[in-house]
Structures are given as structure tokens and as C-alpha cells.
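The values are calculated or read from the model by the stated rules, or taken from the named source; none is laboratory data. All figures in this text were calculated on a predicted structure; none of them were measured in a lab. No Cβ is skipped: glycine too gets one built from the backbone with ideal geometry, and neighbour counts run over all protein chains shown. What goes into the accessible areas is simple: the full protein's heavy atoms, side chains included, and nothing from ligands, DNA or RNA. Shrake-Rupley method; radii C 1.70, N 1.55, O 1.52, S 1.80 Å.
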Amino acid sequence: MRNNTIGSLIWLRLARFTNQSNHLSNGFLKQFGLTTAQFDVLVQIQVYQPLTQCELAKKVTVTQGGISRMLVRLEKDGYINRKQDWKTKIISLTEKGESILKKAMPAQLEFQSSFFDDVLSEEEKKTLYSLITRVHKYSLKRELPDR
């Protein structure tokens, strides 16, 4: 760790926080019968529905194969509808999917917010949000270096 830059230490801390947050969220969301990945997929569907499986895969951090398996499970559980339109599957939430998000969303938002609300002042949260937003926007424009 002696050769790490402050930038690499920030990146490692963010990665560790994300992993820990996801781990705790998986435990928290069990009360709703969901994983963090399923919750994310349902939220993306709710926001952008109707959408294709390909569009959904670009919005979440699940592989194409993983998204296919997850959608089969979510459809079997009655949370989503998938309709075939020639070669394209169109995805939308069912009433059951809307209902579970109506219950899980406020609880999950409160749980995630507590990571920050419990240890940071309002000013610190605004600063952190501003800084991480700036870094994220830069990352969207960033390209891989030539090798």
C-alpha cells in the first residue's frame, strides 16, 4: 500500500464501501424477497418501461446472461411481463412488481441514506455528492488509454 496514490486509495475505499453496502442491502432486502440486483432491475424497469432486454442490460450491472436468468425468475415470481415482439422482448412491471417496489423502495432508500445520515453533516453530504457527481461525469467521457 506504500505506493498507492490518494486517487487509488479513494478508488479502493469506494469499491469496498460499494461491496459492503451491497452485502448489507442483500440482507436488508431479504424481507421483501429480493436481492440488490433484482431490486435494481425492478427499479430500472419501473423508470424506463416498457423497455427491451438489451436496453435494460445496459442500465444495470448484470451480464447479458445474468439478466436473462434474472428476468426468467422475476417473470416466474410474477413481478414482470415479457412480451415477444418479433425478435425483441419488451419488459414491463406487473401490478405485483409495482406493489413490491412500493413497499421496498422507501425502506431501501432510508436504509441506504442512513450510511450517510448517521455520520455526515448536511454540508458534508452536499460536498460528497457534488464531488462524486463530478468524478462520475468525468468517468462517462473517459476512454481507455492506448497501449
- Rounded to whole angstrom, the alpha-carbon centroid of the stretch 95-147 lies from that of the stretch 35-76 at a distance of 19
- Förster-model FRET efficiency, 25 Å R0, His136 and Gln64, C-beta, rounded to 0.05: 0.60
- Length added when fully stretched, Phe32-Lys76, from 0.36 nm per residue minus Cα-Cα: 14.2 nm
- Here the gain from full extension of Leu14 to Leu144, 0.36 nm per residue of separation minus their alpha-carbon distance, amounts to 44.8 nm
- Note on the structure: Extend 7 Å from the Cα of Glu55 along its Cα-to-C-beta direction; within the stretch 83-123, residues with backbone N under 17 Å of that point are 83-94
- Message: Quick check of the Kirkwood formula: for the chain, what is the inverse mean of 1/r over all pairs of different Cα atoms, in Å?
- Response: 17.6
- Message: If you restrict to DSSP beta bridges whose two residues both lie in the stretch 50-147, what percentage is antiparallel, to the nearest 5?
- Response: 100
- Message: Give me the count of lysine pairs in the chain whose alpha carbons sit under 21 angstrom apart, restricted to pairs 8 or more positions apart or on different chains.
- Response: 23
- Query: Between Lys103 and Lys126, what length in nm is gained on full extension when 0.36 nm per residue of separation is reduced by their alpha carbon distance?
  - Reply: 5.5 nm
- Counting alpha carbon pairs within less than 8 Å and at least 6 residues apart, what relative contact order, in whole percent, applies to the chain? 19
- Go ahead and collect, in residue order, the members of the stretch 101-128 whose backbone nitrogen is under 19 Å from a label point 7 Å along the Cα-Cβ direction of Ser21. 104-128
- For the chain, which whole percent of the accessible surface, found with a 1.4 angstrom probe, sits on carbon and sulfur atoms? 56
